[in-house]
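These notes concern the structure reproduced below.
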Amino acid sequence: MGGRVVILGSVNVDLTARTAVLPQPGATVAGSSFVQSGGGKGANQAVAAARAGAEVVLCAAVGRDRFGDEALADLAGAGVATERVIRVEEPTGVALVLVEDSGENEIVAVAGANRHADGRGLDWRPGDVAAAVLEVPIAAVEPFFEEARAAGATTFFNAAPATDGAAALCQLADVVCVNEGELAALGDRSGISCLVVTLGAAGVRVVDGNGELEIGAHDVEVVDTVGAGDAFCGVLAAGLAAGRTLRAAAVRANAAAAMAVQRPGARGSPTSSQIDEFLRRRA
């Protein structure tokens, strides 16, 4: 039996509008649709990991508001354990998302309650994967990783969005996952033992003790790129918790991301059996 995926991360409500073309500064464009949905990189990755078959615990914070109630209900319905999600007086985090018909997007995130996320004091188990993202304070991530490492858990850091201090946290991570822009922002990569770089339409690069592996992207019709990186990270963490090698987990995560971009919204991640079927057909 594998370990859990324990995620320290954000919970947001996504307010998404679709438009033919993203607006330039100072411009107004007509939208074609609007939807409210669950979001936040921590919550998205937690849902993706749960759908991929992992036992998932989310450490996060939401407000004592309607958005917080809805977020907790959505997470519980997806099979994510929410006992470590605390309620605070600040409003639940919100992301304002614009998506153009090509699938490209722009996002403005308001942290709100996410500033209070706390992952300290967990009862770690052998085989657990401690995953963290940077829509919560760096000051919360450091003790989370330190406690997990001391207990023998694998630490997995999605350094997104890339902020000041992210490079220092990479030294506490067994696996670091970033996109190309985030990789450039990190600068010096010394001390990173295992690195996964998502390359968008070019696929994925894995750098580990066995060298470098390029995993090609799957040719699919893109509907919405929002949440594709979260689907990738959640499925990658689930694979590590299940005892897969980093490279094997990355192959499945790459497939999950390809499936996610074919669906609208930030939580279009597939189930484990759907990933199996996708890879079987693509073989």
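Regarding the range 33-53, can at least one residue be identified that is at pLDDT 95 or above, within 30 Å of residue 120 (Cα to Cα) and in a strand (DSSP E or B)? No, the range 33-53 contains no residue that is at pLDDT 95 or above, within 30 Å of residue 120 (Cα to Cα) and in a strand (DSSP E or B). In the set 63, 77, only one residue is surrounded by fewer than 24 Cβ atoms within 10 Å (Cβ to Cβ) and closer than 17 Å to residue 269 by Cβ; that residue is 77.
Yes/no matrix, rows are residues, columns are (1) crowded, with 16+ Cβ neighbours inside 10 Å; (2) within 29 Å of residue 225 (Cα to Cα):
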residue	(1), (2)
152	no, no
155	yes, yes
169	yes, yes
181	no, yes
187	no, yes
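Looking across the range 101-155, the residues that are within 25 Å of residue 13 (Cβ to Cβ) and in a loop (DSSP other than H, G, I, E, B) come down to 101, 102, 103, 104, 111, 117, 118, 119, 134, 135, 136, 137. Take residue 91 and decide whether it is surrounded by fewer than 22 Cβ atoms within 10 Å (Cβ to Cβ), at pLDDT 95 or above, touching a strand residue (DSSP E or B) at 6+ places or on another chain (Cβ under 6 Å) and not in a strand (DSSP E or B). Against the criterion (surrounded by fewer than 22 Cβ atoms within 10 Å (Cβ to Cβ), at pLDDT 95 or above, touching a strand residue (DSSP E or B) at 6+ places or on another chain (Cβ under 6 Å) and not in a strand (DSSP E or B)), residue 91 qualifies. If you filter the range 230-278 down to residues that are in a loop (DSSP other than H, G, I, E, B) and without any contact (Cβ under 8 Å) to a residue 40 or more places away in the chain, you find that the one that is surrounded by the fewest Cβ atoms within 10 Å (Cβ to Cβ) is 245. For the range 5-37, give me each residue that is surrounded by fewer than 21 Cβ atoms within 10 Å (Cβ to Cβ) and within 20 Å of the chain's Cα centre (by Cα). Correct list: 15, 36, 37. For the range 218-233, a residue qualifies if it is in contact with a helix residue (DSSP H, G or I) (Cβ under 9 Å, 6 or more places away or on another chain) and more than 25 Å from residue 132 (Cα to Cα), and the qualifying residues are 218, 219, 220, 222.
The values are calculated or read from the model by the stated rules, or taken from the named source; none is laboratory data. Not measured: the values here are computed from a predicted model. Note: ideal-geometry Cβ built from the backbone for every residue, glycine included; neighbour counts use all protein chains shown.
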